[in-house]
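Q: Supplied in structure tokens, the structure appears directly below.
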Amino acid sequence: MSAITGKVVAVTGASSGIGEATARLMAERGAAVVLGARRKDRLDELAQDIRDRGGRAVACAIDVTRREDLERLVDRAVTGFGRLDVLVGNAGISKIGPVADLDVDGWSAMIDVNVRGVLHGIAAALPVFRRQGRGHLVTTVSTAGLKITPIMAVYAGTKNAVRTILEGLRQESTDGMLRTTSISPGYVSTELADSIDDPAVRQVIRENMAEFAIPPEAVARAIAFAVEQPDDVEIGDITIRPTVQD
Ligand code: NDP
């Protein structure tokens, strides 16, 4: 039996990529999963597939930019499965491009989804974790925040904001109630490039992904590694990238 068996795990951005792979792996290892994203059809399909394989899953249409949607997601975990052990704050968009292009709408969208979305998750989950005396927050940040490169600055900034918030929260929470984990993936083969508006930039990222990205299942395994540790062991940061990525 896996240490994940019996846990209740909510995943944002579960309709594709890293979130979907994480939800599948958690369910495979015995967790009940609550799937959150906007594309309800994709979530319904995934939930059904997990149930067909003997797992436990429910779909919950949410937009992470709305605080009440995260409350609903957490509520689905508690009402459906009795508790929430792990929230994977994974939903994200990548409207990358040079800062000088002044894509103010793109910046706002990234701040809304990548930063506010995670904060909304924290706001919804923390009271439940406190009540239970235990909980685990996992967020998907990025190697873009570790090695700053042109065209990724604002995206990287949103990811580093989340990394900073989680580290601050960790330092405030040393009573053993909360575990926090920031996962920093490099190139992962997902639909993320679809959210890039600039066609030339989108093409470059797609080419990089096609050439050397690792599969989302690799990131899911890293998340599972953090989740399956005993309660007194916190895996704070994981960097996971293609071996050939510079
Ligand atoms: P995908 O595009 O496949 O997944 C992104 C997910 O976020 C989708 O499920 C999407 O679902 C969801 N999402 C986007 N906006 C919202 C919203 N407003 N409300 C709710 N859900 C939303 O890409 P990835 O799997 O790659 O991305 C997952 C995370 O990993 C992101 O945070 C990304 O920044 C990060 N990351 C990805 C890397 C990569 O190379 N792929 C590298 C480093 C980090 P829907 O559209 O249905 O709402």
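The values are calculated or read from the model by the stated rules, or taken from the named source; none is laboratory data. Quick caveat: nothing in here was measured; it's all calculated off a predicted structure. Neighbour counts are summed over all protein chains in view; Cβ atoms, including those assigned to glycine, are modelled from backbone coordinates with ideal geometry. The area values use the complete protein model at the heavy-atom level, side chains included, leaving out ligands, DNA and RNA. Shrake-Rupley method; radii C 1.70, N 1.55, O 1.52, S 1.80 Å.
Q: Return a whole-number percent for the relative contact order of the chain, with Cα pairs under 8 Å and 6 or more residues apart as the contact set.
A: 20
Q: Please compute the net charge surrounding ALA3, taking Lys and Arg as +1 and Asp and Glu as -1 over other residues with Cβ under 15 Å from its Cβ.
A: Spelling it out: positives minus negatives among the neighbours equals -1.
Q: Which far-off residues, 5 or more places away or on another chain, put their amide H under 5 Å from the one on ARG179, with H placed in the peptide plane?
A: Distant-sequence amide H within range of ARG179: GLY135, HIS136, LEU137.
Q: When ligands, DNA and RNA are left out and all protein chains stay put, how many square angstrom of accessible area per residue does the chain have with a 1.4 Å probe?
A: Roughly 45 Å² per residue, with all protein chains present.
Q: What trypsin sites (Lys or Arg not before Pro) does the range 1-58 have in DSSP loop regions with at most 11 other beta carbons within 10 Å?
A: ARG53
Q: For a paramagnetic label modelled at 7 Å from the Cα of MET177 toward its Cβ, which residues of the range 57-84 fall within the zone defined by backbone nitrogen distances under 16 Å?
A: 84
Q: Next up: Separation of the range 191-246 and the range 118-190 by C-alpha centroid, Å?
A: 15
Q: 5 Å is the cut-off here: which amide hydrogens, built 1.01 Å from N in the peptide plane, fall below it relative to ILE240, excluding neighbours closer than 5 in sequence?
A: Close amide H contacts, sequence-distant or interchain: SER184, GLY186.
Q: Another question, if that's okay. For the chain, what are the per-bin percents of Cα-Cα distances with bins 10 Å wide, up to the bin holding the maximum?
A: The distribution over the chain is 8, 34, 38, 17, 3, 0, given as percents.
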